Amino acid sequence: MSIDYFELSEKYRPKKIETLLVAEGPPPSGKRYFYLPTKMNSDRDIRNYRSLPATIFYHYFKAIPNSIEDYELLLLRLKERNIFLIDILDAPLKIRDRSFPNGVNKKNYDILISKIPKLKDKIHDRGISVPEDRIIFLLARTIYKKELVKEFPNSKFFRWIDFRLSYAK
């Protein structure tokens with residue numbers, strides 16, 4: 001199964017984006033994606049739930065979907081609130097890898113870093129116009145935060161756990 005990440009995300013894109021969430025990239029397995037509804041474990045302790053959907057849904061709705069239908073409803077609620085997610089990377093890329101020194105695949109990490117200076121163009125090319133202070137970077141890891149701050153000094157930056165545990169009202 002090959003996922004068309006762009007097409008899936010466009011289905012849930014608001015007409016006017018007021019908050020742009022930016023994540024690292026699609027999951028490295030290539031089988032899942034934020035905009036591909038799936039059943040999740042709503043009984044799991046949110047403090048230890050390390051998925052991007054759990055992070056975003058809990059932050060905005062204090063909810064975790066327990067069915068594909070509930071997941072899709074939460075995606076539609078994000079769209080209604082004019083919230084949209086894009087990734088720095090367009091395709092899955094495994095960065096965290098225990099078989100490498102410090103648990104990081106340096107080659108793939110360097111690819112991620114090389115995409116950061118091009119991210120403003122990517123946002124523009126997708127027809128997204130949002131003030132920089134309405135861009136929120138959701139960081140799976142903070143080792144490249146300085147590169148992001150250099151390009152997006154007025155944006156917000158959150159580690160997943162911090163975003164997940166801070167409920168938006």
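The table below lists the values:
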read-out	value
Segment 1-58 - residue that is hydrophobic (A, V, I, L, M, F, W, C) and in a loop (DSSP other than H, G, I, E, B) and, of those, surrounded by the most Cβ atoms within 10 Å (Cβ to Cβ)	PHE34
One residue from SER99, SER9, SER67 being of a type in the set (Ser, Thr, Tyr) and free of Cβ contacts under 8 Å to residues at least 12 places away in the same chain	SER99
Subset of segment 124-156 that is touching a Leu at 6+ places or on another chain (Cβ under 7 Å), closer than 20 Å to LEU93 by Cβ and surrounded by 15 or more Cβ atoms within 10 Å (Cβ to Cβ) - its residue that is modelled with the lowest pLDDT	TYR144
Test set (1) among the charged types (D, E, K, R); (2) farther than 17 Å from LEU52 by Cβ; (3) buried (at least 16 other Cβ atoms within 10 Å of the Cβ) - ARG164 fails condition number	(2)
Test: ILE68 is modelled with pLDDT of 95 or more, open to solvent by 60 Å² or more (accessible area, probe 1.4 Å) and aliphatic (A, V, I, L, M)	yes
Scan of segment 71-100 for residues that are open to solvent by 30 Å² or more (accessible area, probe 1.4 Å) and at pLDDT 95 or above, ordered by number	GLU72, LEU73, LEU76, ARG77, LYS79, GLU80, ARG81, ASN82
Subset tally (residues that are closer than 22 Å to LEU148 by Cβ and of a type in the set (S, T, N, Q)) for segment 1-44	2
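The values are calculated or read from the model by the stated rules, or taken from the named source; none is laboratory data. Keep in mind that what you see is a predicted model, and the values were worked out from it rather than measured. Positions of Cβ are backbone-derived with ideal geometry, glycine not excepted, and every protein chain shown enters the neighbour counts. For the accessible areas, the whole protein counts, side chains as well, though only heavy atoms, and no ligand, DNA or RNA atoms are used. Shrake-Rupley method; radii C 1.70, N 1.55, O 1.52, S 1.80 Å.
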